[in-house]
Amino acid sequence: MSNTHIDLNKRHSEKPEFSPERMAQVKELMNRLPEGKHKSALIRILHMAEEDFGGWLSIETMDYVAEILNIQPIEVYEVATFYTMFNLDPVGKYVFEVCRTGPCMLVGSDQIIEYIENKLDIKVGQTTSDGMFTLKTAECLGACGYAPMLQCGKKYHEHLTKERVDEIINTYRSGQVPN
Amino acid sequence: MGRKLLLEYDHVPGIETFDVYRKNGGYRSVEKALKSMSPEQIVEEVQKSGLRGRGGAGFPTGMKWSFLAKPEGVPRYLLCNADESEPGTFKDRYLMERIPHLLIEGMIVSSFALGAKLSFIYIRGEYMWILDILEKAIDEAYANGFLGKNILGSGFDLDLRVMPGGGAYICGEETALIESLEGKRGNPRMKPPFPAVKGLWGCPTVVNNVESIAAVVPIVNDGGDEYAKIGLGKSTGTKLISAGGNLVRPGVYEIEMGITVEEFIYGDDYCRGIANNKKLKACVPGGSSVPILPAHLVTKTATGEDRLMTYESLADGGFASGSMLGSGGFIAFDEDQCIVRNTWNFARFYSHESCGQCSPCREGTGWMEKVLHRLEIGQGTMRDIDLLADINKKIEGNTICPLGDAAAWPVAAAIRHFREEFEWHVTHPEEAQMRNFGLLKNVIVA
Ligand SMILES: Cc1cc2nc3c(=O)[nH]c(=O)nc-3n(C[C@H](O)[C@H](O)[C@H](O)COP(=O)(O)O)c2cc1C
Ligand code: SF4
Ligand code: FES
């Protein structure tokens, strides 16, 4: 259970609004569900909102999503606070989620986490001062055989070593996505 | 190397596309089922096959299907459970990533068998890139007339959607999955009513694991009897095993059920032994929720027989000296691994993932995590070890869903088989910390 609460002071400077293309996608999603069951699209739409509005969900973003789905804002807050993937605080441009669960630990995830902390000079849960990276830990991400690993956005980086971590960080810093 | 029913073509270049998949015999089962079989006949074949649910519980799939209520005028739903979050398990991912059309083919045939006209694949939110792969494959299936209206002119209509979760292990539990799919928090429901009677949106629903649904394809193609010839006893067919931890060659393997555990760990076709020339210390054979086995009980049962990769053999000896096949998440520990640390790590996982609606689970998993952490960092007492057993008893059987039990049993098993190691942490607090590779300062509690 993620014991997250919503900090009402954290806001976006502008009102969030989906681009017309995104809005079309959202409507399509809702239309593909049976009549009156469009609330089922909530989690998917929250993922989209997070992607579009800076990697996290502010109160305004959640209220906006509630409006689109025509449901009560509390129905969105409930969901956003339950699922650990949703960030309720601002995050860096790239969020590293390093798996810390057993199978990854057996092959050195603790050391990788420590290495990234030192390298970026932040602790788990923090963001670098230039706003580039946030470091988080995650529970088993379904990559145990390719461990240690970290997830950044849609991308899984597997078979991590210290050298590989260096490479990944440098590539993201240069504005590219490492493969 | 044994027979492969699911992963036979996983290395064919382009197999993720409709054309290549079709050229390699894909979608034959849909043609056969829709053109020459009745839904009841398919259920019958699945029953004959002896297929048991591959999501962890091992419940016979054909029997589950036969329980589905069929009230007039009420839609029925088939939900594919692709939440795959049990630590150690990554087989469904492999299948969906490599051969997405196999799952789609299985969904079509299974939906036809159950009379579902709208089916869902619920996939864990972290697998978002696989969601993209699946949606692409689904579009291809629509374009080729295997999804949508009047499939292959049979009069059968089916729509298939993929829906992501948001990072919550509990949504793999079938009723939590249903809640989540309805756009709510993933709190498991009280049973009864069972999903077969009241599931998604209050309608009769079947929830099946990715691998179970994929297995329906060879069952329909070759017949249930043919499928049942593979394997041993009530463990029929092939099983995907995802192997991780300290192995030379971790990864996903399709095995014929009945090979020995020894062959699986050490054989050339499989994991090729323990990495770095080390020795095996322990093994969790079926995902983090199943009991850990010490090395001497991994390859042999307590009575000295070869331990086999089957539901029955892995469970041989019950909780005293056996474990479970579970989800097929096979985790090997080498001689240097600390069982206390791993037990704490898993306890932290369950505490983190408890949905919080039953107090024995919410509080109990939190307490277990705290006490194990204390022991792990050398600040525990002998009484703490007994305290753990006590917390265990308070959780077991007192919760809405099995997550509470899944959290408690592995702790009990670890203490049962490695009590000395727990005691050693109490009597040698400083060395216990050394064994953490000097990482005590790095212990992440949050
Ligand atoms: C806490 C918990 C987590 C579960 N996670 C999964 C999962 O990730 N995938 C899965 O297929 N089944 C999972 N299950 C089992 C499902 O509840 C259900 O039994 C299964 O999806 C049924 O499919 P099957 O009969 O094909 O195995 C989980 C059960 C529990 C209690
Ligand atoms: S046992 Fe735990 S996870 Fe399951 S319903 Fe109760 S609190 Fe939630
Ligand atoms: S334990 Fe890290 S991906 Fe499974």
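Just so it is clear, none of the values below were taken in a lab; they were calculated from the coordinates. Because the structure is a prediction, the values reported are computed rather than measured. Here Cβ is always computed from backbone atoms with ideal geometry, including for glycine, and neighbour counts include all displayed protein chains.
Computed quantities for the displayed model
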| quantity | calculated |
| --- | --- |
| Label point distance in nm, B:D390-B:E182, each placed 7 Å from Cα along Cα→Cβ | 3.9 |
| For A:H12, distant residues with modelled amide H under 5 Å away | A:E60 |
| Pairwise FRET efficiency - B:A302 versus B:D222, Cβ, R0 = 30 Å, nearest 0.05 | 0.20 |
| Amide H contacts of A:A138 (H built 1.01 Å from N, under 5 Å, at least 5 apart or other chain) | A:V98, A:C99, A:R100 |
| MRE, 222 nm, helices only [DSSP H, n ≥ 4, -39500 (n - 2.57), over chain B, to nearest 500] | -13000 deg cm²/dmol |
| Peptide ranges B:314-322, A:16-24 listed from the most packed, as the mean C-beta count within 10 angstrom indicates | B:314-322, A:16-24 |
| Hz values of 3J(HN,Hα) by residue in region B:167-182 - Karplus curve (6.51, -1.76, 1.60), Gly and Pro given as x | x, 7, 3, 4, 5, x, 5, 4, 7, 5, 4, 5, 4, 4, 5, 7 |
| Radius of gyration, Dmax [the protein assembly as shown; alpha carbons; angstrom] | 23.8, 73 |
| Label-point separation in nm, B:N277 to B:W424, each point 7 Å along Cα→Cβ | 2.3 |
| Net dipole in debye of region A:20-82 [+1 Lys, Arg Cβ; -1 Asp, Glu Cβ; about Cα centre; nearest 20] | 280 |
| Net dipole in debye of region B:193-351 [+1 Lys, Arg Cβ; -1 Asp, Glu Cβ; about Cα centre; nearest 20] | 680 |
| Whole-number D in µm²/s for chain B (Stokes-Einstein; Kirkwood sum over Cα pairs; 20 °C, 1.002 mPa s) | 95 |
| Sequence-distant residues sharing a close amide H with B:G53 (under 5 Å, placed H) | B:G58, B:F59, B:T61 |
| Chain B: most fluctuating residue of B:D405, B:D222, B:D384 per GNM, C-alpha cutoff 10 Å | B:D222 |
| Spacing of the two label points (7 Å from each Cα toward its C-beta) at A:I6 and B:L152, in nm | 4.9 |
| Region A:13-27 - phi-based ³J(HN,Hα) in whole Hz, Karplus 6.51/-1.76/1.60, Gly and Pro as x | 6, 10, 5, x, 8, 5, 5, x, 5, 5, 4, 5, 4, 4, 5 |
| Dipole axis of region B:1-98 (+1 Lys, Arg; -1 Asp, Glu on Cβ), positive-most option in B:Y77, B:Y21, B:L51 | B:L51 |
| Positive-end extreme of charge dipole, chain B - chosen from B:G404, B:L131, B:M324 (charges on Cβ) | B:G404 |
| Computed [θ] at 222 nm, helices only, for chain A once each DSSP H run of length n ≥ 4 contributes -39500 (n - 2.57) | -12000 deg cm²/dmol |
| Largest-first principal axis extents, alpha carbons of region A:94-173, Å | 33, 22, 21 |
| In order through region B:391-404: 3J(HN,Hα) via Karplus (6.51 cos²θ - 1.76 cosθ + 1.60), integer Hz, x for Gly, Pro | 4, 3, 5, 6, 7, 3, x, 10, 10, 5, 10, x, 4, x |
| Antiparallel bridges, percent of DSSP beta bridges restricted to the protein assembly as shown (to nearest 5) | 50 |
| Cα convex hull of region A:20-82 - mean projected area over all directions, nm² | 4.0 |
| For chain B, with +1 on Lys and Arg beta carbons and -1 on Asp and Glu, the positive-most of B:P39, B:H417, B:W344 along the dipole | B:P39 |
| Nearest-20 debye value, region B:325-446 charge dipole, Cβ charges on Lys, Arg, Asp, Glu | 360 |
